[in-house]
1. Report, in debye and to the nearest 20, how large the dipole of the chain comes out about its Cα centre when Lys and Arg carry +1 and Asp and Glu carry -1 on their Cβ.
2. Measure nothing fancy, just the Cα-based angle from helix 61-85's long axis to the longest principal axis of the chain, in degrees from 0 to 90, nearest 10.
3. List, in order, the whole-Hz ³J(HN,Hα) value for each residue of the stretch 176-193 obtained from phi through the Karplus relation with A = 6.51, B = -1.76, C = 1.60 and θ = phi - 60°; use x for Gly and Pro.
4. Report the percentage of all Cα-Cα pairs in the stretch 114-164 whose separation exceeds 16 Å, rounded to a whole percent.
5. Please quote Rg/Rh for the stretch 144-197 to two decimal places, taking the Kirkwood radius as Rh and restricting both calculations to Cα atoms.
6. Starting at 0 and stepping by 10 Å, how many percent of the alpha carbon pairs of the chain end up in each bin?
7. Could you work out the relative contact order of the chain? I mean the mean sequence separation of Cα pairs under 8 Å and 6+ apart, divided by the number of residues, in percent.
8. Based solely on its DSSP helices, what 222 nm [θ] is calculated for the chain when runs of n ≥ 4 H residues each add -39,500 (n - 2.57) and the sum is averaged over all residues, nearest 500 deg cm²/dmol?
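Please treat every number below as a calculation from the coordinates, not as lab data. Just so we're clear, the structure is a prediction, and the values are computed from it rather than from any experiment. All Cβ positions, even for glycine, are placed from backbone atoms using ideal geometry, and neighbour counts span all protein chains on display.
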Amino acid sequence: MSPVTVDAPGTTPRRRSRRDEILEIAVGLFAARGYHGVSMDDIGAAAGVTGPALYHHFAGKEAMLIAALIPVSERLLAGGRQRVEAHPDDPAAALAALVDFHVEFALEDQAVIALHLHELDRLPEEPRRRIRQLQRAYVEEWVELLTRLRDLSPEEARVVAHAAFGLMNSTPFIGPEVTRERRAQLLRTASLAALHG
């Protein structure tokens, strides 16, 4: 699935546009070769699009990077909040739902995770600030649950949450030797164990 067309699990997927398809190809190339290792010509060739048509959709590589990372951060926050709101009186169930949601994202959007890890600092200050703001809000959903479940300060809960993200966001570095279903199961189990201590 495209990183720009993946919606929160349980929602109706949006119809893919030509712009979505081009962005998916660009994200895959950036993740595989690095931002500086890919030119607009490379993206156009891979997408079967001429230069003028490519620039009709995106002003350049930077615009593609922004278009890939901001919507994903927005969807993570919205999806995370939905899972927490679905279990207002049961923080353990809410945390399990968050883990399921994030593991599914991490398995579907491995290229976006790799792109975020290696290329976020290439963005201009304003979009980079917006992405970090969205990420902090997403982390706080986890922190609030952890402080309700465990005897942790918010600062300690952030350490635990980030450790779990490290586990779940390891998907770009995991080979295909284990089935997707088993990878999901292992990631969920390891993440829940880390979160519950």
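1. Working: 23 positive and 27 negative charges, 59 e Å.
Value, rounded to 20: 280 debye.
2. 20
3. So the J values, rounded to whole Hz, are x, 5, 9, 4, 4, 4, 5, 4, 4, 4, 5, 5, 4, 4, 5, 5, 5, 5.
4. Details: 622 of 1275 pairs.
Summing the P(r) of the stretch 114-164 above 16 Å gives 49 percent of all pairs.
5. Working: Rg = 12.8 Å, Rh = 12.0 Å.
Taking Rh as the inverse mean 1/r over Cα pairs, Rg/Rh reads 1.07.
6. The distribution over the chain is 8, 33, 35, 18, 5, 1, given as percents.
7. Numbers: 189 pairs, mean separation 43.8, N = 197.
It comes to 22 percent, rounded to a whole number.
8. On the way: 9 runs with 141 residues, N = 197.
Helix-only estimate at 222 nm: -23500 deg cm²/dmol.
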